[in-house]
1. Taking a 24 Å limit on the Cα-Cα distance, which of the listed pairs LYS14/LYS87; LYS3/LYS73; LYS14/LYS42; LYS42/LYS73; LYS45/LYS80 fall beyond it?
2. Which percent, to the nearest 5, of DSSP beta bridges fully inside the chain are antiparallel?
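No value in this document is a laboratory result; all are computed from the given coordinates. Predicted, not measured: the structure shown is a model, and the values here were computed from it.
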Amino acid sequence: MDKIGDLLPGLSFKPNFEQYSGYLPASENDMLHYWFVTSQNKSDKLIFWFNGGPGCSSLTGLLDGMGPYLINKDGKSLRKNVYSWNKYASVVFIESPVGCRIFIFA
């Protein structure tokens, strides 16, 4: 598990929560990527988010749904999501199935 720094590229504010990214073993040869954001209010609730499998990355939920960030129209910067689920619980966004990826091109 690697801690993600306070400022991501294109982020104009300092998050009031911690975030981590890493890999979970899925089998002997496969790993699942995850991005974990802690609760903004120190709640002990925990949500695991799986976006639905092939064709739709769980990071879509992180960056364009219920996560703490929304991608701006320029496609290069992020803004705060005032409706983020991590206001009420910590959230783990897990890529599935194995091999699912999100690609963002600047």
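1. Those over the limit are LYS3/LYS73; LYS42/LYS73.
2. Values: 17 of 22 bridges.
Among the beta bridges of the chain, antiparallel pairing accounts for roughly 75 percent.
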